[in-house]
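Only one structure is covered here, and it is reproduced in the block below.
Coordinate-derived values only; no laboratory data. Just so you know, these numbers come straight off a predicted model, no measurement behind them. Heads up, the Cβs are rebuilt from the backbone with ideal geometry, glycines too, and the neighbour counts pull from every protein chain shown.
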């Protein structure tokens, strides 16, 4: 059968540049007002939304992989997830740096057109809310819940609620960590790893840190009194800490990179939010946002509470130096190594 000849691809048509480059309609121009920086304002926010679209694309691919009931060690899936999460981190680095361009707009430049934007606000970015929900920020963890959906139209409310109804990456990572076999009793018959490790941890603490043993027991030892508010289970905590401790073994390289990259996402989102806070303070001071929020005060409260993987980061409190880490059974060393 003769292969159908494809039409040649032309650069501007492939990128649909006619749509993109004609998608800026400054409100100031409609009012006959000169506000030269409104074009910059529009393009920066459009660029953000394009990057948000790419982030959602990457996160959905990762989520599809972790939806599998089993991920074979010899498959490329975990590498693919690490690669995509690290790409998300690089994109977030760009979004943080993009604030530098926005900051070239002075407060007076912004006031030339700011009142024309009401009640539109960056708070209405549906894609950013979907990113947070896809990663694992639940509605009950959100700051300003009453304001969260109040500024959205019904179509966008439905999109956000649909994103929140899906299993998040946090939930799927928890299930994946729970399945990890290396801290199970089958590898430690009659010689429980966690009892050994608790002793090594307690011995490593300074006098002013001794109270940490109680936190260790709560999160890693006492299953009957495990806090119901925690989103990662005790089994997931144990696996994540084990990965951190024994990351140098070949089979744990990629799981460690995955965990570290998730923590980096939290760090970069926090940097983006705080950079945004400082820009807002510098630009509008104590005035309310165009969408009616309390401006920088709202942004600061959200930044302090919207930390998605903080339960994993808290586990670093329970690390000890390599010299104090319990030796692994030979069978486990073999299973964690390339054979």
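Of note:
- Gap separating the Cα centres of segment 47-67 and segment 261-286, nearest whole Å: 20 Å
- When only alpha carbons of segment 1-142 are considered, Rg and Dmax amount to 20.4, 66 Å.
- Dimensions (Å) - segment 141-180, Cα atoms, principal axes, largest first: 43, 21, 8
- Rg/Rg_globular for segment 113-161, with Rg_globular taken as 2.2 N^0.38 Å and Rg from C-alpha atoms: 1.21
- Comparing 299, 15, 328 in a Gaussian network model of the chain where C-alpha atoms under 10 Å apart are linked, the largest mean-square fluctuation is found at 15.
- The relative contact order of the chain, computed from alpha carbon pairs under 8 Å that lie at least 6 residues apart in sequence, is 23 percent.
- Gyration tensor verdict on segment 4-68 (Cα atoms; rounded if a/c is under 1.5, prolate if a/b is larger than b/c, oblate otherwise): oblate
- By the helix-only formula, in which each DSSP H run with n ≥ 4 contributes -39500 (n - 2.57) and the sum is divided by residues, the chain has a 222 nm mean residue ellipticity of -17500 deg cm²/dmol.
- Nearest-ten-degree value, helix 253-284 long axis tilted from longest Cα axis of the chain: 40 degrees
- Anisotropy class assigned to segment 81-125 is oblate, per the alpha carbon gyration tensor with a/c at or over the 1.5 cut-off and a/b no larger than b/c.
- Prolate/oblate/rounded call for segment 38-335, Cα gyration tensor, a/c under 1.5 rounded: prolate
- Base-10 log of normalised Debye intensity for segment 180-281 (one unit scatterer per alpha-carbon) at q = 0.15 Å⁻¹: -0.82
- Descending by average beta-carbon neighbour count within 10 Å, the peptides 273-281, 25-33 line up as 273-281, 25-33, the highest first.
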